[in-house]
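Right, one structure below, let's go through it.
Since every read-out is calculated from the coordinates, none of them should be taken as a lab result. All of these numbers come straight from a predicted model, not from anything done at the bench. Glycine also receives a Cβ, built like all others from the backbone with ideal geometry; neighbour counts cover every protein chain displayed.
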Amino acid sequence: MTQSFWRNHGKPYPVRLKRRGVPVPEAGSLAETRALLKQLEQATPAGGGQRPRFGFAAAEVAEIYTHKEGEGAGVWFRLKSGQIINRHGEPEGTDTAPFAC
């Protein structure tokens, strides 16, 4: 066999394993979360207020709530850190009890 100037020429590539312990969100839910965040950021606020700005990425969202006890329907994001953010981009603590159905 002739010498090649490529060091790994003709050798199989090493198998690259995924890192363990890092949860990978489902593709559909991540895309839906991105779309929802974009929709909320582009919506015209009632009363001429400012548009919400979310200081987190869609990948940081652990769960989305659509109903809160005492307030009714809406959108709330629970981040992986435990913090809950409302549809206006404002933090609302970490208590998930009002969101239980």
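Listed values, structure above:
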{"item": "Output for region 51-96, where each listed residue is free of Cβ contacts under 8 Å to residues at least 12 places away in the same chain and in contact with an Asp or Glu (Cβ under 8 Å, 6 or more places away or on another chain)", "result": "R51"}
{"item": "Strands (runs of 3 or more DSSP E) wholly inside region 47-101 containing at least 1 residues that are aromatic (F, W, Y) and within 17 Å of the chain's Cα centre (by Cα)", "result": "61-68, 72-79"}
